[in-house]
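Everything below concerns the one structure shown next.
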Ligand SMILES: [Zn+2]
């Protein structure tokens with residue numbers, strides 16, 4: 001019986017701990033990464049994989065929950081260094097990994113001059129190295145089976161993966177952002193694909209799965225699955241109502257961001273969480289822009 005290992009790797013994004021995680025799955029003969037982070041942290045990722053006694057030739061599966069650059073930006077770069085590896089991507093995300101030009105231009109609109117420093121180069125994934133994964137598919141990797149769960153809401157191209165051997169759910173961003181040692185869950189709601197109803201449906205799907213632990217990309221592993229998902233959903237709906245009111249009153253994006261930040265940070269202090277520790281995983285700017293776009297479209301304001 002081989003030993004199944006699941007290890008969190010802190011990618012030390014921009015030099016900060018607890019911002020972006022990748023998970024290394026290994027059975028001694030076959031290894032997978034769930035989430036790979038951006039190219040800017042890819043050297044760190046490979047170094048940390050080797051430091052855990054896993055030779056790079058053993059890494060055959062690069063599985064991403066969705067194609068946002070903090071989760072999947074390094075795929076193309078890593079495939080050049082991991083000759084045995086295949087990238088596993090959602091059908092809606094796949095075209096943007098083969099040709100990342102639209103991904104890069106939409107990220108450039110959000111991040112401007114910060115692009116290169118934040119994410120590094122985004123290299124196209126060659127067609128023959130890409131495997132499209134579909135809802136309900138079981139992936140046999142690293143000595144276990146990962147169940148693919150289509151989980152739109154944060155983005156349309158989002159999967160969560162349930163490790164059926166251990167009950168660990170690799171949740172990407174659909175289960176929110178939470179720092180170790182705290183209970184507070186922040187919903188990351190960036191533009192342009194935020195969809196509150198789809199997010200709720202995804203959470204309903206997760207609630208009926210035999211999940212023992214949530215493995216978040218931002219940041220870490222948590223056991224209180226039901227409480228965590230309930231808090232996330234309650235806050236998502238509360239923030240949706242809060243932002244809707246502001247948008248109906250005609251506030252600007254920057255005003256909305258400030259109001260939501262004041263509102264959210266007050267909640268965090270009451271729960272004993274440190275607001276700034278959440279900002280690298282889910283900053284208020286993108287959260288506010290996501291809600292603003294969602295509501296303007298829905299309410300027919302434009
Ligand atoms: Zn993310």
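Quick notes on this structure:
- A single entry from 119, 199 fulfils the requirement of being within 16 Å of the ligand (Cβ to nearest atom) and either farther than 30 Å from residue 264 by Cβ or over 14 Å from the mean Cα position of the chain (by Cα) (or both): 119.
- Filtered residue count, segment 245-279, keeping only those that are within 16 Å of the ligand (Cβ to nearest atom) and either in contact with a strand residue (DSSP E or B) (Cβ under 9 Å, 6 or more places away or on another chain) or free of Cβ contacts under 8 Å to residues at least 24 places away in the same chain (or both): 2
- In segment 1-110, counting only helices (runs of 4 or more DSSP H) that sit wholly within it, the ones holding 3 or more residues that are within 14 Å of the ligand (Cβ to nearest atom) and either touching a strand residue (DSSP E or B) at 6+ places or on another chain (Cβ under 7 Å) or within 23 Å of residue 278 (Cα to Cα) (or both) span 69-72.
- Selected residue (only one of 29, 21, 42 is in contact (Cβ under 8 Å) with a residue 40 or more places away in the chain and exposed (fewer than 14 other Cβ atoms within 10 Å of the Cβ)): 29
- Scope segment 202-224; condition away from the ligand (no atom under 16 Å from the Cβ) and in a helix (DSSP H, G or I); matching residues: 203, 204, 205, 206, 207
Coordinate-derived values only; no laboratory data. Since the structure is predicted, the reported quantities are computational estimates derived from the model, not experimental observations. All Cβ positions, glycine included, derive from the backbone under ideal geometry; neighbour counts span all protein chains shown.
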